[in-house]
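One structure, pasted below without further comment.
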Amino acid sequence: MAANKSQQDLIQYTIFHATYSSNPLGFVKACFKWGENELSEFNGPDLWQIEILTHITNRLQAKEMTVGEAVSYVIRIAVASGHGIGKSALVAWIILWAIATFEDTKGVVTANTENQLKLKTWAEVAKWHRLMIGRECFDYQATSLSSVDPEHAKTWRIDMVPWSERNTEAFAGLHNKGKRILIVMDEASAIPDIIWEVTEGALTDANTQIIWCAFGNPTRNTGRFKSCFNGKLRSRWHTKQIDGRTVAMTNKQQLEEWITDYGEDSDFVKVRVRGQFPSSSDRQFISTSLADMGKGKHLSIGQFDFAPIIIGVDPAWDGGDETVIWLRQGLMSKKLAVYQKNDNDFELAGHLARFEDEEKADAVFVDQGYGTGLISAGKTMGRNWTLVSFAGESPDRGYLNKRAYMWSQIKQWLKDGGSYPDDQVMYDDLIGPEYEVRLDGKIKLESKQDMKKRGVPSPNRADALCLTFAYPVQKKSTIRQQQNSNGQFFANNNQKYNVLGRR
């Protein structure tokens, strides 16, 4: 094919491409010379790729409207897979089909990191653009693919955009009323929720064809990508999880070696071979399986009369957070109250005092971060609640601070059979924080601020629960018995504590 085509040739290619506007599978079969040159070993897409392309075809053709009108709905596709299955090739095909077959298509392509986006995702687009019949219609650049027609260069384009939590405008501006919008997220498991949320909010154009595809290895079992498969977003997304052993092009010997080395049910094999989400993400502090064990167990407060009743209070940090009051006795725990941010410390103290009396609590622990006003208000009511500093010293030198230590106690409590109500927010809170092991060997738990940076809500309910492990507590009735017999406070681990568990 000549390097430069006449205007007539470009028109012919445009007409040819347009015949596949509602048929991406037909486009992929027709626009690449399968079995020739670089594609000599391939006869066409793999079965799993055919299934995804066919789904788009079926959705488009089922929703077609009268001539000249666009479609008004969103096609959402999420694919979780092991390594080496040809995911990047499918991403490139969808991008090239979307822009080539619909005039003035606009789109955004992003990935988990800028290197992934530039060196893998966008590089694959370059390869398949070079192999495409009619490639002369579109100009491939380092960060964009656009029409060669100067009059359409700014309106008929797909841009490669690295995500940024501080700059979400590119994802908020995906408007293209009456035309086609394409969003592609590669390695989507590691893209922060805030980018997903901004993208979701932008897809409001009526009479517009919107196609949103998310691909990736399922490295994290929290976040929006996971929710596409078995969370609250499941009904909106067409999903597929692909085992690399079922794909023709994968290195079966390498996959079998991984299975032999790590085991069929290991998280390593789940993520890299089976396309399944791990029981615990690489840096997840409390695993999904452990949180599952405690969720919705039917334990009553009467089963643990021997244990102290402890209340934890996590006051809201900002307007988007909750103030949470949570109770634990032994292996049982329950939510007492959840309030949106309330700056009236006296009103909140009144609620807390009522819960303390009704539940006959043996101790009340309050997060020091925003709890000093609450403690002061409580003192005017004759209450002696205890402030707990999350940044304080851990009684276990293996943890960086008090908060990391208290979360370790939740983890052990769940292993011992601890329970909490069938509360999805608490469940998400428990599995949300990640951790790291520092060079000095201490375990550092992810802060609330860092969680918000990657789009994960502050774990207010779980922090309230963790506060119930702040200090050892003994039942008031037991203390009274001891005082009657010898007039002394109880001792625990060679440390003396008063009735509220304070040193």
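Which of the residues spanning the stretch 195-217 are in a loop (DSSP other than H, G, I, E, B) and either among the aromatic types (Phe, Trp, Tyr) or at pLDDT 85 or above (or both)? Give the derivation first.
If we filter the stretch 195-217 for residues that are in a loop (DSSP other than H, G, I, E, B), which is where we start, we get 203-208, 217.
Across the stretch 195-217, the qualifying residues are 208, 217.
Listed residues 296, 201, 216; which is surrounded by fewer than 20 Cβ atoms within 10 Å (Cβ to Cβ) and either within 13 Å of the chain's Cα centre (by Cα) or closer than 27 Å to residue 417 by Cβ (or both)?
296
Moving to a separate point now. So which residues in the stretch 331-366 are surrounded by fewer than 20 Cβ atoms within 10 Å (Cβ to Cβ), without any contact (Cβ under 8 Å) to a residue 60 or more places away in the chain, closer than 24 Å to residue 427 by Cβ and out of contact with any Ser or Thr (no Cβ under 9 Å at 6 or more places or on another chain)?
Across the stretch 331-366, the qualifying residues are 355, 359.
So that you can scan it fast, the table gives a plain yes or no per residue for (1) touching an Asp or Glu at 6+ places or on another chain (Cβ under 7 Å); (2) at pLDDT below 95:
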site	(1), (2)
27	no, no
37	no, yes
50	no, no
66	no, yes
69	no, yes
77	no, no
89	yes, no
92	yes, no
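Out of all the residues in the stretch 262-279, is one or more surrounded by fewer than 17 Cβ atoms within 10 Å (Cβ to Cβ) and either in the same structural domain as residue 330 (by TED's automatic domain parsing) or closer than 30 Å to residue 200 by Cα (or both)?
Yes, the conditions are met somewhere in the stretch 262-279.
Identify all residues within the stretch 338-378 that are in a loop (DSSP other than H, G, I, E, B) and either among the charged types (D, E, K, R) or not assigned by TED's automatic domain parsing to the domain that holds residue 425 (or both); write none if there are none. Spell out the reasoning first.
Step one: list which residues in the stretch 338-378 are in a loop (DSSP other than H, G, I, E, B), which gives 341-344, 360-362, 368-371.
341, 343, 360, 362, listed by residue number.
The values are calculated or read from the model by the stated rules, or taken from the named source; none is laboratory data. Not measured: the values here are computed from a predicted model. Note that each Cβ is placed from the backbone with ideal geometry, even for glycine, and that neighbours are counted across all protein chains shown.
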